[in-house]
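Contents: one structure, followed by commentary.
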Amino acid sequence: MSDILSALSTTRDTAQAFREVSAQLHKEPSLVLFFTSTIHSFEQLTSYFNEKYSNCDVVGVTTTGEIGPQGFSQHSLSAQSYSKDFGQVQAVLMNNIEKYPIFDRTKVLQSAKKLGIRLESPQIDKEGLAFIFPTGLVAGEEKMLSIVNSIFHHDGFPIFGGTAGDDEKFEKTIVSLNGQQTDKGGVVVFIKPYLEFYIQKENIFKSTGIELKITKADPEKRIVYEINNESAARVYARALGVSEQQLPRYFMKNPLGRCFNEELLIASPFRVESNGAIAFYCQVYQDAVVELLEPRDPVETLQTTLATFTSKFNRLEGVLACNCILRKLQFQEERLFPALNSELSQLPNLAGFSSYGEQLNKSLINQTLILIGFGK
């Protein structure tokens, strides 16, 4: 039996969906993750999973689309379990990443130490990894990442995660750890795996060659007021050759990119404010130089991504995926799920969800697919 197992149910009855999924997981795992649509009672599922898997850490996340062994799904329940032989696990719940994430720093620190992670190691990337699952809608992801990264003496500890969703209702997202739920906090899972792992990031955009300078912004509120010393909406629309009224419909396919360590990180706008400012899904900093992006072919891009990803392993045991809501909406609109799923279904023991943001190491990013694979 594989050290990682995954399952998905599209049954709408919550008790039955749980039975279908749990029947395909390890009987005595070291870690269980479940990702659920809001069509299910999160409280009920949390109770079911914690009752059945009372001897391990159980993490639950509400979603805006699920990912299972056959790829993208909707209105479903996805889950993944890790065997006792997979490695050592320590999870911690942060209660409030919106206002008081610092209050949980000691808990985070103790959790990592309990696992034997040497926080002062200059080779911190060899000490393990962390999954993180923040709640959405409270603009707390960067604060949560900052607290987790602050416990290490050196940069480079691998962090992988996604922000909880709520099926595009934008009302309340929830995560849980061992039965305890929060709609303002997040879960950190420290892992020392016996298997090797590899993280792959995919974006489906390329630069148009148009550079823009952020000249007035409030990163804390995730709002950009001015670009090139003019109204942000006016300059953004002009760069695209459209009117300000038309601008919002171009956000999904023409986000902004930031170059960070020679990698393109995407910042996605979602709303034009009445004063011409633009609200983003992540922090954009004043004086940053960003590039206007345009899309590539999503199916061809995924084929290239998976070829690179699978080539890193002699034997791939399982894969966890976080996919941005904006990518999901684009794939729906362009009816790409069947083509994309024919590629994703080739990955063994795949699970995950579509998220309100993706976390990779020290950054919150948007419009990205991130994959973490475990194996040899």
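Values as computed for the structure displayed
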| read-out | value |
| --- | --- |
| Set T215, T208: member being more than 20 Å from I365 (Cβ to Cβ) and either outside the structural domain of G60 (by TED's automatic domain parsing) or surrounded by fewer than 17 Cβ atoms within 10 Å (Cβ to Cβ) (or both) | T215 |
| Index of the failed condition, D104 passing every other in (1) in contact with a helix residue (DSSP H, G or I) (Cβ under 8 Å, 6 or more places away or on another chain); (2) buried (at least 22 other Cβ atoms within 10 Å of the Cβ); (3) within 30 Å of P338 (Cβ to Cβ) | (3) |
| Search result, residues across segment 332-348 that are farther than 18 Å from T305 by Cβ and part of a loop (DSSP other than H, G, I, E, B) | R335 |
| Residues that are touching a Phe, Trp or Tyr at 6+ places or on another chain (Cβ under 7 Å) and among the charged types (D, E, K, R), drawn from segment 78-123 | D85 |
| Unmet requirement for Q332, which otherwise passes all of (1) more than 24 Å from E168 (Cα to Cα); (2) in the same structural domain as F197 (by TED's automatic domain parsing) | (1) |
| Within segment 124-178, considering residues that are part of a helix (DSSP H, G or I) and among the polar types (S, T, N, Q), the one farthest from the chain's Cα centre (by Cα) | S150 |
| Conditions (1) more than 30 Å from D125 (Cβ to Cβ); (2) of a type in the set (A, V, I, L, M); (3) modelled with pLDDT of 95 or more; number of the one not met by V224 | (3) |
| Residues within segment 179-196 that are in contact with a helix residue (DSSP H, G or I) (Cβ under 6 Å, 6 or more places away or on another chain) and not in a strand (DSSP E or B), tallied | 1 |
| Subset of segment 226-283 (residues that are among the small types (G, A, S), touching a helix residue (DSSP H, G or I) at 6+ places or on another chain (Cβ under 7 Å) and closer than 24 Å to G140 by Cβ) | S268, A277 |
| Lone unmet requirement of (1) out of contact with any helix residue (DSSP H, G or I) (no Cβ under 6 Å at 6 or more places or on another chain); (2) of a type outside the set (S, T, Y); (3) on the phi > 0 side of the Ramachandran plot; (4) at pLDDT below 95 for G352 | (4) |
| Counted residues, segment 263-295 - those being under 16 Å from Q200 (Cβ atoms) and either loosely packed, with under 14 Cβ neighbours inside 10 Å or without any contact (Cβ under 8 Å) to a residue 40 or more places away in the chain (or both) | 1 |
| Test: residue in segment 242-260 that is under 20 Å from the mean Cα position of the chain (by Cα), within 30 Å of S111 (Cβ to Cβ) and modelled with pLDDT under 90 | yes |
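Here is a yes/no grid of residues against (1) without any contact (Cβ under 8 Å) to a residue 60 or more places away in the chain; (2) under 21 Å from V32 (Cβ atoms); (3) in contact with a His (Cβ under 6 Å, 6 or more places away or on another chain):
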{"residue": "T106", "(1), (2), (3)": "yes, no, no"}
{"residue": "R118", "(1), (2), (3)": "yes, no, no"}
{"residue": "G128", "(1), (2), (3)": "no, yes, no"}
{"residue": "D155", "(1), (2), (3)": "no, no, no"}
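The values are calculated or read from the model by the stated rules, or taken from the named source; none is laboratory data. Because the structure is predicted, anything quoted here is derived from the model rather than measured. Please note: Cβ atoms are built from the backbone with ideal geometry, for glycine as well, and neighbour counts cover all protein chains shown.
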